[in-house]
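Q: Quick one: structure below, then a few questions.
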Amino acid sequence: MFIRRLLDSENIQVYITGSSSKLLSTEIATGLRGRSLTTEIFPFSFQEYVRYHNLFTDTPESFGSKTAAILRNAVKQYFETGGFPEIQSMDSNTKTEVLQSYIDAVLLKDVIERHQVGNIPAIKYLVRTLMQSSGRKFSVNRFYNTLKSMSIKCTKNNLYNYLDHLTDAFVFYRVPIHTRSEKARMINPVKIYTIDTGLKNAMTFQNSADLEPTLENLVFMHLRRQKLQVEYVTTKDGFETDFLAKNPLTGEIKLIQVCWQMADKKTFDREYRGLLHAMKELAVSSGTIVTWDDEARLDNDINVIPIWKWLLTA
């Protein structure tokens with residue numbers, strides 16, 4: 001109310017920042033009634049991470065062997081620790097503790113207290129499951145059955161509400177299937193992504209099976225920072241593509257697939273085939289496969305690019 005009075009009576013601009021539940025965009029928009037613009041602030045992008053650690057002041061114009069080696073090492077650290085500014089200079093154990101405390105604070109203040117959530121075991125288990133599901137499909141119905149088998153009581157409606165609360169608090173993002181049918185969008189599971197890979201790594205036990213989904217999480221957050229509308233694609237033949245990213249202003253569409261490495265021929269062939277089918281079905285002339293460290297130009301105008309270069313040039 002005070003800010004609104006200032007805006008109505010003075011010729012000024014007011015900037016309000018913070019992460020508490022009282023500053024979530026819905027409350028700001030309601031209180032200021034069309035007098036506000038919301039800007040979403042993210043952890044460091046890879047470009048900001050590189051600049052913060054004084055590796056490069058600007059994006060490299062070329063990627064020679066020395067530059068590539070520096071960026072490979074940097075993206076490995078970024079992949080593991082993420083982009084939250086506070087933890088950049090901390091030791092490994094302290095980083096993990098601080099990141100875990102972020103989740104505790106968000107869960108308690110921005111979700112449980114704000115929405116008066118009474119079923120603490122259910123929402124805590126939901127958070128752990130969503131962290132493990134980053135880069136994968138998630139079904140509330142399936143999760144509900146899991147809780148039921150564990151004798152944890154919770155209604156489906158409450159689970160949907162909890163998921164809404166967690167996405168409102170900017171901990172997780174949901175990516176729907178690409179379709180014109182609202183019914184199909186509701187029936188098909190969403191894909192889940194976490195705000196930061198360091199946060200995900202601090203909350204879950206990592207193994208080799210998590211590498212590609214975590215890489216996919218990095219790709220999603222890069223697209224999110226560009227304010228692109230993101231969906232995943234399942235073609236009529238059942239082939240999948242990780243991302244359809246649409247620029248809401250220009251209408252330009254990008255199709256992006258994520259694959260850890262080309263050496264795993266079976267997996268790479270599946271990803272290539274899925275991308276190619278999506279390109280043909282959606283009449284998109286080119287596509288991109290983002291990998292950990294492989295680079296190539298393939299037939300049908302498909303470009304394979306390593307993550308450390310794609311994050312700086314896409």
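The values are calculated or read from the model by the stated rules, or taken from the named source; none is laboratory data. Everything numeric in this text was worked out from a predicted model, so none of it was measured. All Cβ positions, even for glycine, are placed from backbone atoms using ideal geometry, and neighbour counts span all protein chains on display.
Q: Please state which one of L163, L159, L130, L147 is free of Cβ contacts under 8 Å to residues at least 40 places away in the same chain and within 17 Å of the chain's Cα centre (by Cα). Write out each step before concluding.
A: On the way: L159 fails: within 17 Å of the chain's Cα centre (by Cα); L130 fails: free of Cβ contacts under 8 Å to residues at least 40 places away in the same chain; L147 fails: within 17 Å of the chain's Cα centre (by Cα).
The unique qualifying residue is L163.
One line per residue, one yes/no per condition, for (1) within 22 Å of D210 (Cβ to Cβ); (2) surrounded by fewer than 11 Cβ atoms within 10 Å (Cβ to Cβ); (3) β-branched (V, I, T):
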residue	(1), (2), (3)
D58	no, yes, no
E61	no, yes, no
G64	no, yes, no
R72	yes, no, no
V75	yes, no, yes
Q88	no, no, no
K95	yes, no, no
L99	yes, no, no
I103	yes, no, yes
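Q: Mind checking which residues of the stretch 237-266 are among the polar types (S, T, N, Q) and either free of Cβ contacts under 8 Å to residues at least 24 places away in the same chain or crowded, with 20+ Cβ neighbours inside 10 Å (or both)?
A: Keep residues of the stretch 237-266 that are among the polar types (S, T, N, Q), which gives 241, 247, 250, 257, 261.
Selection gives T241, N247, T250, Q257.
Q: Pick from P176, P189, P213: which is over 30 Å from N93 (Cβ atoms) and within 14 Å of the chain's Cα centre (by Cα)?
A: Numbers: P189 fails: within 14 Å of the chain's Cα centre (by Cα); P213 fails: over 30 Å from N93 (Cβ atoms).
None of the other options fit; the residue is P176.
Q: Taking Q229, is it in contact with a Pro (Cβ under 7 Å, 6 or more places away or on another chain) and surrounded by fewer than 18 Cβ atoms within 10 Å (Cβ to Cβ)? Break it down stepwise before answering.
A: On the way: in contact with a Pro (Cβ under 7 Å, 6 or more places away or on another chain): yes; surrounded by fewer than 18 Cβ atoms within 10 Å (Cβ to Cβ): yes.
Criteria met by Q229.
Q: Which of the numbered conditions does F170 fail, given that it passes all the others? Conditions: (1) under 17 Å from the mean Cα position of the chain (by Cα); (2) part of a helix (DSSP H, G or I); (3) modelled with pLDDT under 95.
A: F170 satisfies every listed condition except (2).
Q: Continuing with the same structure: Could you check, for the stretch 120-134, whether at least one of its residues is out of contact with any strand residue (DSSP E or B) (no Cβ under 8 Å at 6 or more places or on another chain), among the aromatic types (F, W, Y) and assigned by TED's automatic domain parsing to the domain that holds V258? Walk me through how you get there before you give the answer.
A: Step one: list which residues in the stretch 120-134 are out of contact with any strand residue (DSSP E or B) (no Cβ under 8 Å at 6 or more places or on another chain), which gives 120-128, 132.
Imposing the further condition that a residue be among the aromatic types (F, W, Y) reduces the set to 125.
Restricting the remaining residues to those that are assigned by TED's automatic domain parsing to the domain that holds V258 gives 125.
Looking through the stretch 120-134, at least one residue is out of contact with any strand residue (DSSP E or B) (no Cβ under 8 Å at 6 or more places or on another chain), among the aromatic types (F, W, Y) and assigned by TED's automatic domain parsing to the domain that holds V258.
Q: Could you please let me know if E271 is among the acidic types (D, E) and under 22 Å from S139 (Cβ atoms)? Show your work before the answer.
A: On the way: among the acidic types (D, E): yes; under 22 Å from S139 (Cβ atoms): no.
In short, no.
Q: Additional query: Could you pull out the residue among K148, K95 that is farther than 14 Å from Y162 by Cα and touching a Cys at 6+ places or on another chain (Cβ under 9 Å)? Reasoning before the result, please.
A: Values: K95 fails: touching a Cys at 6+ places or on another chain (Cβ under 9 Å).
On inspection, the qualifying residue turns out to be K148.
Q: Of the residues that make up the stretch 182-201, is at least one over 26 Å from S101 (Cβ atoms), in the same structural domain as Q261 (by TED's automatic domain parsing) and hydroxyl-bearing (S, T, Y)?
A: To start, the set of residues in the stretch 182-201 that are over 26 Å from S101 (Cβ atoms) comprises 182-191.
Next, only the ones that are in the same structural domain as Q261 (by TED's automatic domain parsing) stay: 182-191.
Among the residues that remain, those that are also hydroxyl-bearing (S, T, Y) are: none.
No; the residues of the stretch 182-201 include none that is over 26 Å from S101 (Cβ atoms), in the same structural domain as Q261 (by TED's automatic domain parsing) and hydroxyl-bearing (S, T, Y).
Q: Out of the residues in the stretch 144-174 meeting the condition of being in contact with a Lys or Arg (Cβ under 8 Å, 6 or more places away or on another chain) and aromatic (F, W, Y), tell me which one is farthest from K200 (Cα to Cα).
A: For the stretch 144-174, the residue satisfying everything is Y144.
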